[in-house]
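One structure below.
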Amino acid sequence: MSKKAHKISDNIPKDSPLYSYLVTKEETGVSVGLSATSVRGPNFVDLNTDYKNSKVLLINPPMCAPNGMTKRSIPPAAIAYVAGSLREVGIEVELLDCVIEGWGHEELIDEKNGIYTYGLSDEAVADYLAESKPGIIGLSLVFSQDLRNLCKISRVAKKVLPNSIVVAGGLHPTMYPESTFRHCTFDGERTIDYILRGEGEYRLAEFVFNYQKGKVDKNQDGLIGYFDRKMVTNPETKKIQDLDSLPLPAYDLLPMEKYFEVDMPANPFHKGKRVMHLHTSRGCPIECTFCSSTNFSYAFRTRSPQIVYDEIKHYIDTYDIDEVQFLDDNLLLNGARAEKLFDVIKPLNLSWCTPNGTMVITWKPHLMEKAIDSGMYQATLALDGLTEETHKLTGKPVDMHNVADKIDAFRKRDVLVHGFFVIGMPGEKIEDIQNGLEWVKTLNFSSASFFIAQPYPGAELYEVELAKGNIKEEDGLRAVKAKSFIKNLGISGEFLEETVGSFKKDYEKIIKKREGDGWRNRYEKHFKRLTNPDLQLMVNTRGEINFNGPDGVLIQLDKLEVD
């Protein structure tokens with residue numbers, strides 16, 4: 001076992017799927033359970049299918065979102081990275097992003113919570129599969145809330161191509177394989193054949209090479225499947241340490257111009273006209289209790305600044321981009337590396353931002369200057385908690401005493417500052433919320449997002465509250481950040497929803513008054529796009545937003561965040 005193995009939180013129930021997953025990982029394993037050193041050698045089993053067709057189709061399923069939510073048109077990096085690796089070793093591969101290809105198609109799937117799915121219809125996916133005829137279909141699941149869409153596509157795949165092999169990957173299948181197989185069972189038949197845990201670049205290539213020989217390795221690292229009617233679950237022991245060795249994501253297999261045309265990146269209020277997303281690192285060891293990413297990939301691994309520079313330069317030359325949005329979970333964790341990165345990309349003269357959030361404590365004065373000089377136009381600060389007591393509940397390390405100073409330092413350099421806040425953590429008190437929101441009013445944010453704590457599968461919060469009976473499994477399979485699903489908080493869900501909803505509007509008034517014409521100059525062009533029904537940029541609104549409401553605020557602000 002690795003000497004760097006990190007102890008699993010004592011709060012995670014030992015009989016939970018999350019604990020069972022973490023205890024087998026080299027990066028988080030402990031002395032109990034199966035360790036990385038117990039992995040067995042290959043055990044090849046014959047495939048009962050025609051394995052002559054090894055063409056791979058990787059699919060990004062449609063997405064789920066609540067009524068009024070802004071959509072996102074982000075090229076799916078997960079399947080693009082896997083495709084790049086497959087192609088490099090000579091495996092034929094195609095990509096299908098159901099989101100961008102079915103941008104205008106929406107279906108109401110949860111009337112009670114107002115949740116829609118947007119992306120290609122089942123019929124459209126069936127038509128694509130019938131024409132493409134892949135032998136192996138890989139389904140990627142980024143968010144647990146989209147599990148139902150992955151299962152629907154797996155069902156379509158088995159109807160259209162019954163002899164194909166369907167493989168699922170991503171966070172939810174990795175941590176909750178039994179749940180994934182169960183939800184993907186129709187009329188007693190599983191529509192997913194295998195799950196490949198963790199990073200798929202090398203695992204899927206190994207799987208395909210075995211498939212080409214008519215075999216599957218029953219002991220393959222990270223593989224889960226049924227053999228002789230029993231589920232075999234192999235641990236995920238290997239992680240890619242040298243990220244520089246990976247080929248670039250195969251974005252050329254995606255309709256890139258469609259993403260630029262729709263123009264709804266992670267930060268939809270962007271500065272550039274052609275925006276590209278980029279990951280310069282993987283993993284986050286901070287262990288926020290509401291976050292699943294840290295459990296999926298704890299070990300922090302980085303790409304070298306020069307490799308990042310080369311990738312950005314490639315996108316400039318190939319797609320004529322003029323902005324980059326970094327989607328790292330923790331871009332600044334290694335300050336020295338981040339400083340070098342900013343120095344290296346400065347000559348590219350691009351605008352950039354950090355829509356996934358950064359930790360306040362990582363922003364040192366010299367690093368701020370480097371970032372701003374290299375093109376950063378907006379910093380997103382993930383405070384998450386409203387008070388020091390709340391931060392003890394979230395596990396987020398935040399120095400409350402210098403938050404205001406850091407925001408002001410950015411604003412003095414004409415850098416926009418967006419804030420993230422999570423409200424309604426179990427154990428949080430009403431007075432903490434009320435006092436914390438009053439404190440937020442004093443902060444010079446240019447915009448902010450306020451979310452009610454959600455029980456995301458894979459997070460410590462989810463497993464703890466599930467064990468207590470305060471949530472059900474399905475509560476983790478829908479994400480409506482304006483609603484509260486956790487019971488027995490000591491605070492009513494109605495209070496949280498009303499408090500968060502009304503504060504968003506109040507704070508927007510404060511920002512608009514403080515910013516003056518700058519607010520309108522900054523956002524008006526974006527709101528004009530959002531209110532254009534022909535573009536269908538918001539879920540089920542058809543552009544029905546009142547920009548000039550009676551109080552001068554965005555009436556649907558609880559659904560449309562200025563983020």
Identify, by number, the condition in (1) modelled with pLDDT of 95 or more; (2) surrounded by 14 or more Cβ atoms within 10 Å (Cβ to Cβ) that E473 doesn't meet.
(1)
Tell me, yes or no, whether region 23-30 has at least one residue that is modelled with pLDDT under 90, among the small types (G, A, S) and either within 21 Å of the chain's Cα centre (by Cα) or part of a loop (DSSP other than H, G, I, E, B) (or both).
yes
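Just checking, which of I510, I491 is in a loop (DSSP other than H, G, I, E, B), among the hydrophobic types (A, V, I, L, M, F, W, C) and more than 28 Å from the chain's Cα centre (by Cα)?
Working: I510 fails: in a loop (DSSP other than H, G, I, E, B).
That would be I491, the only listed residue that is in a loop (DSSP other than H, G, I, E, B), among the hydrophobic types (A, V, I, L, M, F, W, C) and more than 28 Å from the chain's Cα centre (by Cα).
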Residue satisfying condition, being of a type in the set (S, T, N, Q), more than 22 Å from H418 (Cβ to Cβ), surrounded by fewer than 16 Cβ atoms within 10 Å (Cβ to Cβ) and modelled with pLDDT under 90, within set N488, N546:
N546
Could you tell me whether any residue of region 387-394 is surrounded by 22 or more Cβ atoms within 10 Å (Cβ to Cβ), under 23 Å from V480 (Cβ atoms) and aliphatic (A, V, I, L, M)?
no
Take the residues of region 410-435 that are crowded, with 19+ Cβ neighbours inside 10 Å and aliphatic (A, V, I, L, M): which is farthest from T289 (Cα to Cα)?
L416
For region 520-537, enumerate the residues that are closer than 19 Å to S447 by Cα and either β-branched (V, I, T) or in contact with a strand residue (DSSP E or B) (Cβ under 9 Å, 6 or more places away or on another chain) (or both).
R522, Y523, L530
Does N334 satisfy the condition of being within 23 Å of the chain's Cα centre (by Cα), farther than 19 Å from K271 by Cα and of a type in the set (S, T, N, Q)?
yes
Residue pairs meeting the criteria (Cβ under 9 Å; at least 6 apart or on separate chains; first touching a residue at least 60 places away in the same chain (Cβ under 8 Å) and on the phi > 0 side of the Ramachandran plot, in region 412-429; second in a loop (DSSP other than H, G, I, E, B) and of a type in the set (V, I, T)):
G424/I486; G424/I491
In region 334-386, what count of residues is obtained for those that are farther than 22 Å from F421 by Cα and touching a Phe, Trp or Tyr at 6+ places or on another chain (Cβ under 6 Å)?
7
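So which of K230, K258, K218 is in contact with a helix residue (DSSP H, G or I) (Cβ under 6 Å, 6 or more places away or on another chain) and modelled with pLDDT of 95 or more?
Values: K230 fails: in contact with a helix residue (DSSP H, G or I) (Cβ under 6 Å, 6 or more places away or on another chain); K218 fails: in contact with a helix residue (DSSP H, G or I) (Cβ under 6 Å, 6 or more places away or on another chain).
Criteria check complete, one pass: K258.
What residue, among those in region 336-356 that are among the hydrophobic types (A, V, I, L, M, F, W, C) and touching a Pro at 6+ places or on another chain (Cβ under 6 Å), is surrounded by the fewest Cβ atoms within 10 Å (Cβ to Cβ)?
Just the residues of region 336-356 that are among the hydrophobic types (A, V, I, L, M, F, W, C), to begin with: 336, 338, 341-342, 344-345, 348, 350, 352-353.
Then keep just the ones that are touching a Pro at 6+ places or on another chain (Cβ under 6 Å); that gives 341, 344.
Values: L341: 26, V344: 18.
Taking the candidates together, the pick is V344.
So that you can scan it fast, the table gives a plain yes or no per residue for (1) without any contact (Cβ under 8 Å) to a residue 12 or more places away in the chain; (2) among the hydrophobic types (A, V, I, L, M, F, W, C); (3) in a loop (DSSP other than H, G, I, E, B); (4) touching a Lys or Arg at 6+ places or on another chain (Cβ under 8 Å):
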position: K239; (1), (2), (3), (4): no, no, yes, yes
position: K258; (1), (2), (3), (4): no, no, no, no
position: A266; (1), (2), (3), (4): no, yes, yes, yes
position: F269; (1), (2), (3), (4): no, yes, yes, yes
position: I286; (1), (2), (3), (4): no, yes, yes, yes
position: C291; (1), (2), (3), (4): no, yes, yes, no
position: N295; (1), (2), (3), (4): no, no, no, no
If L496 passes every condition in (1) over 30 Å from I109 (Cα atoms); (2) outside any loop (DSSP other than H, G, I, E, B) but one, which one does it miss?
(1)
Report, by residue number, each residue of region 108-148 that is more than 24 Å from the chain's Cα centre (by Cα), in a helix (DSSP H, G or I) and of a type outside the set (A, V, I, L, M, F, W, C).
E123, D127, Y128, E131, S132
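The values are calculated or read from the model by the stated rules, or taken from the named source; none is laboratory data. Nothing here was measured: the structure is a model prediction, and the numbers come from that model. When we count neighbours, we look across all protein chains shown, and the Cβ atoms used for this are built from the backbone with ideal geometry, even at glycine.
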